[in-house]
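A.B. asks: The structure that follows is given in the form of structure tokens.
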Amino acid sequence: MSVYFVKGKGWRYDFTHKGTRHTETWFKTKTEANRAEAEKRKEINNPKPVQEMPTDITFLDLVNLRLDHVKAYNSDSHYTSYLYLARRWVRQWGQLMTGEITTAMVQKHLIQRRKVSAYTANQDLKYLRATFNFCIGQKLITNNPTEGLKFFPVEKKVKHVPSSDDIDKVISVADLDTQDYLWSIRETMGRVSEINRLLWEDINLTERFVILYTRKKTGGHLTPRKIPMTEKLYTVLLDRFNRRNKEKPWVFWHRYWDKKSSKFLEAPYRDRKKFMKSLCEKAGVRYFRFHPIRHSGASIMDGNNVPIGAIQRILGHENRKTTEIYLHSIGDMERDAMDTFERAREKSHTDSHTEQNQMTKG
């Protein structure tokens, strides 16, 4: 019996359907209990259709979600690059639902960007693909319109790596603050973002090492690594430490006018790329920026037989292949190989002439 009375409490229904028990208590009358049971059985036999979760959002919302994630998990420079591209995308597709953006639309956009350069178009494709894939992973959309699109072929060139003499010339024409900055990059082979982030608490003048932090790791974690000081770097940082403003925790900082707040602020640098062009012109050397200074240091170490594992740790690379890209020096193995080729070629040439002379005499 599925409906019954319990003294002092009231009526209840209690039944099992396909192994699942269904019960409800306490009704004042048997009629009410029977009616409730009937409604429950009807509900079980005629379930409401499950509403599917929405699988589309506006492209503007999608981009903002991705930007929030990049800002939280990646470096400031990566976020800035992403933001620059995102604004361009949003001008075209911001008010569209993401599902309305087709592969053909993306391809047309990339072809336009290809007019700037293949590298520019490929960067757009890389970031767009990551944006769509991120939101697929969040189960917000189901389709990635960049699927199947290929990167444009690029003309790869040997990167210009300044010589030690050229770097010396550029440093020599800079002011004292900029000299300290360039020496810090050169002697640690650190990324600009790592040097900009330096605090005095990251400088150990007693044990002579510097701690650099990077987000260029899996998961975007801010990861430290220790770099031993060269004698030159120790001299530069010791002098700077003695001249420091004790109220400021940063090794390199500046005072600037902030348009948003309409007041002067003091903070670490975000980027200082603009002065390099004028310094290179003043020094009379071919233009280079900060990153090639890392390449220069890596190549010098490689050319002097420093193990690649040590170079990799100093540069802060997770992947050995990334370090190999930085090594522009021609090693002894390559030189020996070319010497062997030349000797073999000359021997083959000599043997051929000797054989011809013998045939002529015969």
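A.B. asks: Select, from R244, R313, the only residue that is within 14 Å of D177 (Cβ to Cβ) and not hydroxyl-bearing (S, T, Y).
C.D. replies: Matching residue, one of R244, R313: R244.
A.B. asks: Continuing with this model, one more query. What are the residue pairs meeting all of these: first residue in the stretch 4-20, first residue in the same structural domain as A38 (by TED's automatic domain parsing), second residue of a type in the set (A, V, I, L, M) and surrounded by 10 or more Cβ atoms within 10 Å (Cβ to Cβ), Cβ atoms under 7 Å, and 6 or more apart or on different chains?
C.D. replies: Note: pairs meeting the criteria are W11/V3; W11/A33; R12/V6; R12/A33; Y13/V3; Y13/A33; Y13/A36; H17/I44.
A.B. asks: Here's something else I'd like to know. If I ask for residues that are touching a residue at least 24 places away in the same chain (Cβ under 8 Å), surrounded by fewer than 17 Cβ atoms within 10 Å (Cβ to Cβ) and in a strand (DSSP E or B), which ones from the stretch 194-207 would you list?
C.D. replies: The one that is touching a residue at least 24 places away in the same chain (Cβ under 8 Å), surrounded by fewer than 17 Cβ atoms within 10 Å (Cβ to Cβ) and in a strand (DSSP E or B): L199.
A.B. asks: When the residues of the stretch 161-190 are filtered to those that are part of a helix (DSSP H, G or I) and among the β-branched types (V, I, T), which remaining residue is farthest from K282 (Cα to Cα)?
C.D. replies: Selected residue: T188.
A.B. asks: Return the pairs, sorted by first residue and then second, in which the second residue is assigned to a helix (DSSP H, G or I) and basic (K, R), the first residue lies in the stretch 294-311 and is assigned by TED's automatic domain parsing to the domain that holds S184, the beta carbons are less than 8 Å apart, and the residues are 6+ apart or on different chains.
C.D. replies: Close Cβ pairs (under 8 Å, with a partner that is assigned to a helix (DSSP H, G or I) and basic (K, R)) amount to S296/R186; G297/R186; I308/R320; G309/R320.
A.B. asks: Among residues belonging to the stretch 76-131 that are touching a Leu at 6+ places or on another chain (Cβ under 9 Å) and not in a helix (DSSP H, G or I), point out the one that is nearest to D271 (Cα to Cα).
C.D. replies: Restricting to residues being touching a Leu at 6+ places or on another chain (Cβ under 9 Å) and not in a helix (DSSP H, G or I), the top hit is G94.
A.B. asks: Is there a residue in the stretch 110-122 that is touching a Lys or Arg at 6+ places or on another chain (Cβ under 9 Å) and either β-branched (V, I, T) or under 18 Å from N64 (Cβ atoms) (or both)?
C.D. replies: Among the residues of the stretch 110-122, at least one is touching a Lys or Arg at 6+ places or on another chain (Cβ under 9 Å) and either β-branched (V, I, T) or under 18 Å from N64 (Cβ atoms) (or both), which makes the answer yes.
A.B. asks: Checking N196 against (1) out of contact with any strand residue (DSSP E or B) (no Cβ under 7 Å at 6 or more places or on another chain); (2) under 24 Å from H78 (Cα atoms); (3) modelled with pLDDT under 95, which single condition isn't satisfied?
C.D. replies: (1)
A.B. asks: Further question: Report whether or not S296 is closer than 22 Å to I167 by Cβ and surrounded by 13 or more Cβ atoms within 10 Å (Cβ to Cβ).
C.D. replies: yes
The values are calculated or read from the model by the stated rules, or taken from the named source; none is laboratory data. Small disclaimer: the values here were computed from a predicted structure and weren't measured. Here the Cβ is made from the backbone with ideal geometry for all residues, glycine too, and neighbour counts use every protein chain on show.
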